[in-house]
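Chemist: First, the structure itself, so that you have it in front of you.
Coordinate-derived values only; no laboratory data. Since we're looking at a predicted model, the values are computed, not measured. In this analysis, Cβ positions are derived from the backbone assuming ideal geometry, glycine residues included, and neighbour counts consider all displayed protein chains.
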Amino acid sequence: MSTHPGPRARLTGGLLFWYAVLGGAIAWAVHLLAVWGVDELTCAGGRERIGALPLRAVIGAAVVLPALATVGALLAAALVWRRTSHPPEGVDERPVGRGRMAAVVAIWSNLLFLTIIVLGGIALLVLPPCLR
Amino acid sequence: MSTTAAAPAPGASREDLAALEERWGERPSLRSWFGTVDHKRIGRRYLVTAGFFFILAGLSALAMRTQLARPESRLLSPQEYNQLFTMHGTAMIFLFATPMLFGFGNFLVPLMIGSRDMAFPKLNALGYWVFLFAGLFMWASLPFGAAPNGGWFAYVPLTERTNTPGLHMDVYSLGLLFLGIATTAGSINFIVTALKLRAPGMSLNRVPLFVWAIVATAFMVIFALPALNLDNAMLFLDRRFGTHFFDPGAAGNVLLWQHLFWIFGHPDVYIIVMPALGIVSAVLPAFTRRGVVGYPLIVFAIVAISIISFGVWVHHMFATGLPRLSYSFFSAASTIITIPSGIQIFAWLATMALGRVVLKVPMLFLIGFVVTFVLGGFTGTMFALTAFDQQVTDSYFVVAHFHYVLIGGAVFPMLAGIYYWLPKITGRMYHEGLGRWAFWLVFAGMHVTFFPMHLYGLFGMPRRVYTYRSEPGWDGWNLVSTAGSYLLAIGLLLVLIGVLHAIRRGRPAPPDPWGADSLEWSTDSPPKPYNFPVLPRVHSLHPTWDEASRESMGAGATRDRILADGRRTLLTSELDGSRERVVEMPEASLQPLVLALAMLVFFTAMLVAWYPVAAVAAVAVAATIAVWLWPPRRPERELGVQP
Amino acid sequence: MPVDTRRDVRTRSGPGRRRRQVLPAVVLGGALALTGCSSGAPSALDPAGSGAGRVANLWWLLFWLSMAVFAEVMAVLAWALLVRRRPGTRVRHGQPLRFVTVAGAGIPLVILVTVYAVGLRDLAALGDDPGPRAPTIEVTGHKWWWEVRVQGVDGATANELHIPVGEKVRVRLRAADVLHSFWVPQLMPKTDLIAGEVRETWLHADRAGSYRGQCAEYCGTQHAHMAFLVVAEPRKDFDAWVARLAAPAPAPRTDAQRRGQEAFVQGTCAGCHAIRGTGAGGRIGPDLSDVGSRWSIGAGAVPNDGGHLGGWIANSQTVKPGNYMPPQPVDAGRLPDLIAYLQSLK
Amino acid sequence: MSVRAATGTEALTTELPVGRSTGWWGMVMFVVTEATLFACLLGSYFYLRFQYGGPWPPDGISKPKLLVPLVMTAVLLPSSLPVVWAERGIRQGQRWRLRAGLAATLVLGVTFLALQASEYAEKLREFTMTTDAYGSLFYLITGFHGLHVLVGLTMIGWLLAASLRGGSFGAHRHERVRNAAIYWHFVDLVWAAILFTVYLSPRL
């Protein structure tokens, strides 16, 4: 029987778990609000730059960074999946079962959010930012 | 399956049952009728009241369809028609669909998770009264010719005072703000109930899919409704007090309304459909004789849809001329949201294909749901593509689309749910033959009404027109739609007759007439006021199909799950459902009714601009809440006070 | 003068288009009749220009893909209901996750990414600017009619705009009061008219004809009667139309018309309506300088003939209840003169 | 703590902190929905500002002065500390700490509202809610927050009254104190966002 993790390890593990489950969703939400807000409002002002940066570069960053965060969440979800598929002996069955279900949900949703972010990124390659 | 619940469960003694009855039972009296906090009574009231508003909104629709049967009909004036279509949409969305599903949730969630009531029973009662009063508040404007007339979406500047004088849109904004209180309170209640009041052993991976759906819905309400409330507050301020939020002449912007409205509005589509999809997952096992395929995938679908639904709102604004790149991000999300729905559909199909389908009336409605909802889903995906959306949005094509989604995706499952849970709710079985007739009429009526709308939408007929000319050649199809709407109405009337027939003449229902898998079927039909003599201990996803869970309420019952010495239920942990402690539940009270009445006075006074009365009502609201929450005096020792 | 094409609101689909619509129509549940009995409709499936044509092609792609997936769903459902309900079949308790994943996520993903890409291409194409030399038509939405001007030309008309066949024409959209939406199903998808903003779209027709358009954003009491007509005609006819917009209205030629003009200019009419070259300069209602040639009265409410015109002047509220023109106290004796004058304005 | 322990099965399937009451969750959910409302409100501010495009504030209204709002901030933000102190006190059964802490917060909150009233008196001479959308936004945002402060103060005053009566709170009964405290912290934090949006952002 393995030794039980201490409170700090539990806290870190718990945060990692929630990052796996919600990371992609939050990254996508931030991505969407950023790209929409920046695009619509900058173009409404008749500009195609924000300060010194071209609008396209800013939107590009708002695509790439959330995509990377989502990949991270996907990896964390994969970790939870692995750790719950062969639990060590003596661990309570219910948390493991619940963790495993959450891992399935997390892997799928991170993949899904990554797909959405990437599809939005493809549009950035095709369309000029302020074309109406 | 479980047949033991009718007799005293072996685990709970006669004295226990008598004590529980004493603590939870409500003697019939006027005071108990107005003061009840029993989630089952409140749930039933939600169902009946929402059904009543459904009839009103449905009759509005029939009047509209009658007007549109022929070109240039003069049955309704444009002013009347515009009020009717606004009230039809507003009432169907806010006063029928959501409250109906909240009714199911109220009745079922505590039973499904093995609890004795909701987390906040008095708040639950408040929610019902507010819903009732807000609904009456809005409908009462119709006889005065002052009903909202700017569409349920109420776009500014049409709804500003200069373009729509009179009380019309004040009724709308205040009515929805008032109703929002009920919806928010109900949602918080659902979330907390599902987090803390689940039976011991019900870890997240054993929560019934219906409860998942209700909780996801409640979260959507929590995050979506504020946008609508803010929008309506700003509209009211603009109209009544001359602010300029939406006035482009004074630094305001009309698109702000649309953004805020659809940030609420699109999640709201799923707020309506999601619990209905939960009903599908709840009903299916009983009529396929097996559990739903891919439980974790369906949980994923529920979670993913409820999150993505917040990031697709601009697809309602694809014709407003925003930058095309902005559209694409929303187009991407709107396209991909199809995938979790696809997973759900194929999981249900796989369940049917592997199980053995029992073709009772609820199952017929589920099959009708699959056919209709899938068709609505296709057109939904089409709307995700901006170029196509710009062609058909605001035409009858979109009317066809969302009626396929909302009738197919929400009303059919609701009807399945009504037939399915009628034995549990009323203790009576429905008449199978009557139910089958109702199904076929509703199914045929729905498709005859709405299928042609795809066509005449593509043929260029815009929506929200009180009449049309015959040259464009839309008349024949409109006549078909109108005929279909009467067919649909007859079918729905048969549903109503079937319910009344069951209540008056139906044969008594056993605790579990279907051999279903969730906990509500392990107790009496209708359940006792305390729901379960012994709170169950859950060992699997299908507790009534597994020996250990069933035994936990009978031979395996322990004292700590009977809790007969008080009005009590159990708190468990959020994720794993581990037992935490016993809590005392509140008694019946008139405070919720008083509070709701004070709010009604407040909103009515605001509507007719009696601001001093409104101020008094606001103080009354605060005072009632203060009294409601005032802590009882306890001995110092019990409190643990240091000198 | 191409009066005939202009009067003929109906446009028939060409044989090629007809053939492409027939098969799907059969699939649409015996709706073969739809192409026949709806040939007068301003149908998005009967496009007459590159904008709507693109969207029609997109529709057929989406339609066929939907039908394929629908067939798949119905096949599984039929299997469950017909094969698996035979007596003696046992419930199977497996978890066919591969089936759910492939049918519910994999196949849809491939389809969705494809249509998203096609949709993106069309979205970009519809955004193409018509170019600096394209004519610009300025359309302003009013409750409940369309004011039409040509950029650089002083005159205005209402509820009818002309474009040269085969050329892209820029349309600049403004809202005078509430939101409206500019929609010509056979030519171009919608663009909303946003209060406080200017929006642009373009029109392109590849065959001559008259194409019905209608306001598609709910705009109040008479949203139903806010139609307009786009007339696509050869370039020289278009140029003639522009020239007529710049010129004064035709002078009255008969006595009756002269009396009618007098009644118009001196009566209440001129308070709201303008007629170029006369004293009437009202800006509230539509400019009536070419009212005699228009396809309808009241933005598509009734046909433009003497009887309807008289009825409209006397009390338009019975024709289009709620519109902003109050009943006119015109002397019954003067009404025929007024009608004669207005009908002469072509 | 090792990485190994933190990424082990048990750590990854850790349950949420034990023993949170239904009231705690109810208040947290209420605060979440209220926070969303404020997010929409502040989002609307930025939306209107950038859609307007011109100089902001428009119509020659001067940029908001910072002195009074900064004093208000200095009054409101620390007002959470006595609440925390009071809550800790009552958990140990020290009723005097509860009473003293709540009273201190009450004083700070009332001071905040008084300062806001004085600020309004000055602002209303320059522009009102009906001047333009900027005026509408300014008074809606700050007024709506002021209303929340008022509600929070009502809760604090209500707690104080109950605790002065006696027989209300103690080491075993302090849920209502905790829930009201959550609301007050929220009202406090929102002010920081409003300070940034309404007062600081026009200078950026």
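Chemist: Ignoring everything except DSSP H segments at least 4 long, calculate the 222 nm mean residue ellipticity for the protein assembly as shown; use -39,500 (n - 2.57) per segment, divide by total residues, nearest 500.
Modeler: Taking each H run of at least 4 residues, the total per residue is -19500 deg cm²/dmol.
Chemist: Another one. From other protein chains only, count the Cβ atoms within 10 Å of every residue's Cβ in B:194-201, then give the mean.
Modeler: Mean partner-chain Cβ count within 10 Å for B:194-201: 2.
Chemist: Report the trypsin sites (Lys or Arg not before Pro) located in segment C:171-276 that are in a DSSP loop and have at most 16 other Cβ atoms inside 10 Å of their Cβ, or state none.
Modeler: Taking segment C:171-276 and a limit of 16 other Cβ atoms within 10 Å, the loop trypsin sites (Lys or Arg not before Pro) found are C:R207, C:R253.
Chemist: What are the residues whose amide H is under 5 Å from the amide H of C:V165, where those residues sit 5 or more places off or on another chain and H is modelled from the backbone?
Modeler: Hits under the 5 Å cutoff: C:E233, C:R235.
Chemist: If you average 1/r over every pair of different alpha-carbon atoms in segment A:32-107 and take one over that average, what Kirkwood value in Å do you get?
Modeler: 15.3 Å
Chemist: Now for a different question. Any idea what log10 I(q)/I(0) is at q = 0.18, 0.22, 0.33 Å⁻¹ for segment B:204-250, Debye with uniform C-alpha scatterers and no solvent?
Modeler: Treating every Cα as an identical point scatterer, log10 I(q)/I(0) equals -0.64, -0.77, -1.07.
Chemist: Quick one: order C:C272, C:C215, D:C40 by neighbouring beta-carbon count within 10 Å, fewest to most.
Modeler: Ordered from fewest to most neighbouring Cβ atoms within 10 Å, C:C272, C:C215, D:C40 come out as C:C272, D:C40, C:C215.
Chemist: Follow-up question, since we're still on this one. Any idea what angle helix A:55-85 forms with the longest principal axis of chain A, computed on alpha-carbon atoms, 0 to 90 degrees, nearest 10?
Modeler: In chain A, helix A:55-85 runs at an angle near 10 degrees to the longest axis.
Chemist: Helix B:591-607 versus the longest principal axis of chain B: what angle, 0 to 90°, nearest 10, using Cα atoms?
Modeler: 10 degrees
Chemist: Mind checking the mean number of beta-carbon atoms from other chains within 10 Å of the Cβ atoms in A:27-36?
Modeler: Across A:27-36, the average partner-chain Cβ count within 10 Å equals 4.
Chemist: On to the next question. Going by alpha carbons, how many degrees (0 to 90, nearest 10) lie between the helix axis of B:475-505 and the longest principal axis of chain B?
Modeler: 20 degrees
Chemist: What is the ratio of the Cα radius of gyration of segment C:158-299 to 2.2 N^0.38 Å, with N the residue count, to two decimals?
Modeler: After normalising by residue count via 2.2 N^0.38 Å, the value is 1.15.
Chemist: Still on this structure, I have one more. Stick to the Cα atoms of segment D:19-73, pair each with every other, and give me the Kirkwood hydrodynamic radius in Å at one decimal.
Modeler: It is 14.5 Å.
Chemist: What is the fewest-to-most order of C:I297, B:I279 by other Cβ atoms lying within 10 Å of their Cβ?
Modeler: Fewest-to-most ranking of C:I297, B:I279: C:I297, B:I279.
Chemist: Could I ask something else about it? Direction-averaged shadow area of the convex hull around the Cα atoms of the protein assembly as shown, nm²?
Modeler: Approximately 51.6 nm², given one-decimal rounding.
Chemist: Compute the Cα gyration tensor for segment B:550-629, then decide on rounded, prolate or oblate, letting a ≥ b ≥ c be the square roots of its eigenvalues: rounded whenever a/c is under 1.5, prolate when a/b is larger than b/c in the other cases, and oblate in all that remain.
Modeler: Prolate shape, in that a/c is at least 1.5 and a/b is the bigger ratio.
Chemist: Also: Any idea how far the Cα center of segment B:386-439 sits from the one of segment B:523-552, in Å?
Modeler: Between the Cα centre of segment B:386-439 and that of segment B:523-552, the gap is 30 Å.
Chemist: Identify the trypsin sites (Lys or Arg not before Pro) of segment A:1-78 meeting these criteria: DSSP loop state and at most 16 other C-beta atoms within 10 Å of the C-beta.
Modeler: Filter output for segment A:1-78: A:R47.
Chemist: Arranged by the count of other C-beta atoms within 10 angstrom, fewest first, what order do D:H174, D:H185, C:H142 take?
Modeler: So the ranking, lowest neighbour count to highest, is D:H185, C:H142, D:H174.
Chemist: Would you please classify the overall shape of segment C:220-294 from the alpha carbon gyration tensor, given that a ≥ b ≥ c denote the square roots of the eigenvalues, rounded means a/c under 1.5, and beyond that prolate means a/b larger than b/c while oblate covers the rest?
Modeler: Oblate shape, in that a/c is at least 1.5 and b/c is the bigger or equal ratio.
Chemist: Compute and list, largest first, the equivalent-ellipsoid semi-axes of segment D:24-203 from the alpha carbon gyration tensor, each √(5λ) rounded to a whole angstrom.
Modeler: After scaling each eigenvalue by five and taking roots: 35, 16, 12 Å.
Chemist: Which percent, to the nearest 5, of DSSP beta bridges fully inside the protein assembly as shown are antiparallel?
Modeler: Restricted to the protein assembly as shown, the bridges split so that about 75 percent are antiparallel.
Chemist: If you don't mind, there's one more thing I want to ask. Regarding segment C:255-344, what whole-number volume in Å³ per residue does the convex hull of its Cα atoms give?
Modeler: 85 Å³
Chemist: Before anything else, pin down the relative contact order of segment B:371-411: Cα pairs under 8 Å, at least 6 apart, normalised by residue count, whole percent.
Modeler: Once normalised by length, the contact order is 62 percent.
Chemist: Please report the orientation-averaged projected area of segment B:488-642, defined via the convex hull of its C-alpha atoms, in nm².
Modeler: Averaging across all directions leaves 17.5 nm² for the Cα convex hull.
Chemist: Peptides D:106-116, A:111-121, B:265-275: what's the order by average Cβ count within 10 Å, highest mean first?
Modeler: Per-residue Cβ counts within 10 Å, averaged per peptide and sorted highest first, yield B:265-275, A:111-121, D:106-116.
Chemist: Let me ask something else. Using the charge dipole of the protein assembly as shown (Lys, Arg: +1 at Cβ; Asp, Glu: -1 at Cβ; taken about the Cα centre), state which of D:F144, A:V104, C:L193 has its Cα farthest towards the positive end.
Modeler: A:V104
Chemist: Taking θ = phi - 60°, what integer Hz values does the Karplus form 6.51 cos²θ - 1.76 cosθ + 1.60 yield along segment B:135-147, in sequence order, with x for Gly and Pro?
Modeler: Once rounded to whole Hz, the list reads x, 5, 3, 6, 5, 4, 6, 5, x, 7, x, 10, 6.
Chemist: Report the FRET efficiency, 1/(1 + (r/R0)^6), for C:R133 and C:V153, where r is their Cβ-Cβ distance and R0 is 25 Å, rounded to 0.05.
Modeler: Between C:R133 and C:V153 the formula returns 0.95.
Chemist: I need the per residue convex hull volume for chain C, using only the alpha carbons, in cubic angstrom as a whole number.
Modeler: 178 Å³
Chemist: Explain nothing, just the number: relative contact order of chain B, from Cα pairs under 8 Å at least 6 residues apart, as a whole percent.
Modeler: For chain B, the relative contact order is 22 percent.
Chemist: If a helix is a whole DSSP H run, which ones in chain C reach 24 Å or further along their own axis (Cα) and hold a mean Kyte-Doolittle hydropathy of at least 0.0?
Modeler: Length and hydropathy pass: C:50-78, C:107-126.
Chemist: From Cα pairs below 8 angstrom and at least 6 apart in sequence, can you work out the relative contact order of segment A:47-105, rounded to a whole percent?
Modeler: 28 percent
Chemist: Moving to a separate point now. What are the membrane-span-like helices in chain D by this rule: whole DSSP H runs, Cα extent along the axis at least 15 Å, mean Kyte-Doolittle hydropathy at least -1.0?
Modeler: TM-like helix candidates: D:22-52, D:80-91, D:95-126, D:133-165, D:175-194.
Chemist: Right, here's the next one. Need one number: convex hull volume per residue for chain A, Cα atoms only, in Å³.
Modeler: Enclosed volume per residue, from the Cα hull, is 112 Å³.
Chemist: So if I take the alpha carbon set of segment B:4-521, get Rg, then get Rh from the Kirkwood formula, what is the Rg over Rh ratio?
Modeler: 0.96
Chemist: Report, to one decimal in Å, the Kirkwood hydrodynamic radius for segment B:404-542 based on all distinct Cα pairs.
Modeler: One over the average 1/r among Cα pairs gives 17.8 Å for segment B:404-542.
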